[in-house]
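*Asks:* This is the structure I want to talk about, given as structure tokens.
Please treat every number below as a calculation from the coordinates, not as lab data. Keep in mind the model is a prediction, meaning the values are calculated, not measured. Cβ placement follows ideal geometry from the backbone for every residue including glycine, while neighbour counts extend to all protein chains displayed.
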Amino acid sequence: MMALVHAGCRSAARCANVNVCCGSCGRCADYPKKVMIYSRGSLLALRRIKTDFRHFIPQDKAKAIAKKQHQLRYKPPIPSVLMGNVNALPNKMDELAALIKNQQTYRESCLIILTDTWLTAHIPDANVELPGFTTVRADRDTNASGKSKGGGLVLYVNNRWSNPGHCSIKSVICCCDCELLAVSLRPYYIPREFTQVIVICVYIPPRANMEAALDAVHSITAGLQTQRLWSSFQGTSVTSPWTPLCRPCISTWTVPPRRTGPLTCCMPT
């Protein structure tokens, strides 16, 4: 749909007896607006019109918008997460550091989650640190998992998004079916209803028992939800209306077949 324009508009593009105004004449706003329903042929004809249609934004307002976006790049309403299966992290640290330095997408990511890092206790934290990020590791336990190498989790938290002093490990699980790392964070900008953000990183090996792995993830998630909710009610009397809130709640998990390939990159914005 488009509004009709007056006949004196010199900047109107005429095609198939349809007048389209570019908005630069300044007189079409006073013309009585009507609504027309175009046919498919008319709409296809409009695509061939060569006119300079641009959404005009005043220069001072455009600068203000750009400045506001630059200031809020580390205050997203939903944190940006970069996730990948690196298959041995030590030999990829140079490439990762270069991406952090040169690419804005990596540099401004709130969280970077890497699985299958192959890190051991013989590799110090200084070898896998990134500038501007806090490193949280969960290396594979060879005794608990029954495997000599592979596995491992690393979580990088952007110091401009979350306070590095409020980064604490809530739970770590390492078994033959899954590896889990739960970390509590306190971003600088967060709604008042939330006191913290809990990030749960999970790595499930290819030959793991999927049901056992999901049971372990469910128990940790439900325990953290229940623990956090009851800590909010300490010192108060919880009556019957609050009882449903104290029950752990978790949605049903749908696991795709392994032959479709693992999740290699996830970037929600």
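*Asks:* Condition first: free of Cβ contacts under 8 Å to residues at least 24 places away in the same chain, over 30 Å from Ala208 (Cβ atoms) and of a type in the set (Val, Ile, Thr). Can you find one or more residues in the stretch 142-158 that meet it?
*Replies:* No; the residues of the stretch 142-158 include none that is free of Cβ contacts under 8 Å to residues at least 24 places away in the same chain, over 30 Å from Ala208 (Cβ atoms) and of a type in the set (Val, Ile, Thr).
*Asks:* Here is a follow-up. Looking at the stretch 139-148, is at least one residue surrounded by fewer than 17 Cβ atoms within 10 Å (Cβ to Cβ) and assigned to a strand (DSSP E or B)?
*Replies:* There is no residue in the stretch 139-148 that is surrounded by fewer than 17 Cβ atoms within 10 Å (Cβ to Cβ) and assigned to a strand (DSSP E or B).
*Asks:* How many residues does the stretch 75-107 contain that are buried (at least 17 other Cβ atoms within 10 Å of the Cβ) and under 19 Å from Arg186 (Cβ atoms)?
*Replies:* Within the stretch 75-107, residues that are buried (at least 17 other Cβ atoms within 10 Å of the Cβ) and under 19 Å from Arg186 (Cβ atoms) number 2.
*Asks:* Then there's this: Could you list, in sequence order, the residues of the stretch 111-134 that are assigned to a loop (DSSP other than H, G, I, E, B) and either touching a residue at least 24 places away in the same chain (Cβ under 8 Å) or polar (S, T, N, Q) (or both)?
*Replies:* Listed by number, the residues that qualify are Asp116, Thr117, Trp118, Leu119, Thr120, Ile123, Leu130, Pro131, Gly132.
*Asks:* What is the number of the single condition among (1) under 26 Å from the mean Cα position of the chain (by Cα); (2) within 30 Å of Ala98 (Cα to Cα) that Asp215 does not meet?
*Replies:* So the condition that Asp215 fails would be (2).
*Asks:* Please work out if Leu99 is assigned to a strand (DSSP E or B) and either in contact (Cβ under 8 Å) with a residue 60 or more places away in the chain or over 19 Å from Val183 (Cα atoms) (or both).
*Replies:* no
*Asks:* Conditions first: (1) crowded, with 19+ Cβ neighbours inside 10 Å; (2) more than 22 Å from Leu72 (Cα to Cα). Asn158 passes all but one, so which condition is the exception?
*Replies:* Evaluating Asn158 over (1) crowded, with 19+ Cβ neighbours inside 10 Å; (2) more than 22 Å from Leu72 (Cα to Cα) leaves (2) as the failure.
*Asks:* Now for a separate question. Glu211 versus (1) free of Cβ contacts under 8 Å to residues at least 24 places away in the same chain; (2) assigned to a helix (DSSP H, G or I); (3) surrounded by 15 or more Cβ atoms within 10 Å (Cβ to Cβ): which is the lone unmet condition?
*Replies:* Only one criterion in (1) free of Cβ contacts under 8 Å to residues at least 24 places away in the same chain; (2) assigned to a helix (DSSP H, G or I); (3) surrounded by 15 or more Cβ atoms within 10 Å (Cβ to Cβ) is unmet by Glu211, namely (3).
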